[in-house]
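Rule-based calculations on the coordinates, nothing more; no lab input. Every value quoted in this text rests on a predicted model; they were computed, and no experiment measured them. As a convention, Cβ positions derive from the backbone with ideal geometry for all residues, glycine included, and neighbour counts pool all protein chains shown.
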Amino acid sequence: MNKHVEPIEIKVRDKASMDRCITAAVNRMIGIARQQRTHGILVTRLGDGHFIVGLSNSVPIGFTDQLDFRRQPA
């Protein structure tokens, strides 16, 4: 049975916290993805220190991908 899983939002101020929080969120999503067997995991960077980790049907099962939506300097 597949059910909607809320993505995990992460806001951090330093690299050590970023690495630790993203790893924990991805590991949590891996457990859910293994149970559902329908989605991969997508880590989206919205800005400096701001991320969303969630399941995505655009990522193949068994994979983790990343997107970076930070504003780039003009």
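Would you list His4, His50 from fewest to most Cβ contacts within 10 Å? Intermediate results must be reported in sequence, preceding the final value.
Numbers: His4 5, His50 15.
Listing His4, His50 from fewest to most nearby Cβ atoms yields His4, His50.
Not counting the cut sites, what is the longest span of the chain without trypsin sites (Lys or Arg not before Pro) that DSSP labels loop and that have at most 16 other Cβ atoms within 10 Å?
Details: sites that count: Lys3, Arg13, Arg37, Arg70, Arg71.
Here the longest segment lacking exposed loop sites spans 38-69.
Could you size up the charge dipole of the chain around its Cα centre, putting +1 on the beta carbon of Lys and Arg and -1 on that of Asp and Glu, and report it in debye to the nearest 20? Each step should come with its number before you reach the end.
Working: 11 positive and 7 negative charges, 21 e Å.
It comes to approximately 100 debye.
Where Lys and Arg each count +1 and Asp and Glu each count -1, what net charge lies around Gln35 among other residues with Cβ under 13 Å from its Cβ?
Numbers: positive: Lys3, Arg28, Arg34, Arg37; negative: none.
Once all neighbours under 13 Å are counted, the net charge is +4.
Along its three principal axes, how long is the chain when you only count alpha carbons? Whole Å, largest extent first please.
Reported extents, whole Å, longest axis first: 43, 26, 18.
Take every DSSP beta bridge whose two residues both sit in the chain, then give the antiparallel share in percent to the nearest 5. Kindly include the intermediate steps, with their values, before the conclusion.
Values: 11 of 16 bridges.
Of all bridge pairs located within the chain, approximately 70 percent are antiparallel.
Which chymotrypsin sites (Phe, Trp or Tyr not before Pro) does the chain hold that lie in a coil by DSSP with at most 12 other beta carbons within 10 Å? Intermediate values should be presented prior to the final figure.
Working: sites: Phe51, Phe63, Phe69; in loops: Phe63, Phe69.
Here the sparse-neighbourhood loop sites are Phe63, Phe69.
Once every DSSP H run of n ≥ 4 in the chain is given -39500 (n - 2.57) and the sum is divided by its residues, what mean residue ellipticity at 222 nm do you get, rounded to the nearest 500 deg cm²/dmol? Intermediate values should be presented prior to the final figure.
Working: 1 runs with 22 residues, N = 74.
Estimated from H runs of four or more residues: -10500 deg cm²/dmol.
Working from Cα positions, state the angle (0 to 90°, nearest 10) between the long axis of helix 15-36 and the longest principal axis of the chain.
With rounding to tens, the tilt is 20 degrees.
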